[in-house]
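The values are calculated or read from the model by the stated rules, or taken from the named source; none is laboratory data. Treat the numbers as computed from the prediction; the structure is a model and nothing was measured. Accessible surface is based on the protein model in full, side chains and every heavy atom, while ligands, DNA and RNA are left aside. Shrake-Rupley method; radii C 1.70, N 1.55, O 1.52, S 1.80 Å.
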Amino acid sequence: MNYQHEAVCLTRNNRSIKPEVLIFCTSLNSSVDVQKIAPFIEALKEVKSWSVDLEDCDRVLRVVSRGLDASIVINLLSRMGVSVREMED
């Protein structure tokens, strides 16, 4: 099952910031897990959209953002008890 969420695009000082995709391997196992993290991911103002692929063996979280550091997502989810690491290119 794939969950996708959309948020508002952002600009900084009236300049568009190029979006980037951050990809994480997680321990999210169910739609309930995804619903638990949703308000926290959506509260990050830099997040444009995000999705979780629960069918992938790595339970991949993809975050499209503008200026978001991966460590913010890692720290946020870790505090919630989710095992998470950034996937290498």
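Accessible area per residue was computed with a 1.4 Å probe on protein heavy atoms; Asp53 scores about 40 Å². In a fully extended conformation the segment linking Asn75 and Arg62 would gain 3.1 nm over its present Cα-Cα distance, using 0.36 nm per residue. With θ taken as phi - 60° and the Karplus curve 6.51 cos²θ - 1.76 cosθ + 1.60 applied, the whole-hertz 3J(HN,Hα) list for the stretch 22-34 is 9, 10, 10, 8, 10, 9, 5, 10, 8, 5, 5, 4, 5 Hz, x standing for glycine and proline. Scalar couplings 3J(HN,Hα) for the stretch 53-61, obtained by applying the Karplus form with A = 6.51, B = -1.76, C = 1.60 to θ = phi - 60°, are 9, 6, 7, 6, 4, 8, 6, 6, 9 Hz; x denotes Gly and Pro.
Given a 1.4 Å probe and heavy atoms of the protein chains only, how would you sort Arg85, Arg79, Arg62, largest accessible area at the top?
Details: Arg85 130, Arg79 185, Arg62 90 Å².
Accessible-area ranking of Arg85, Arg79, Arg62, largest first: Arg79, Arg85, Arg62.
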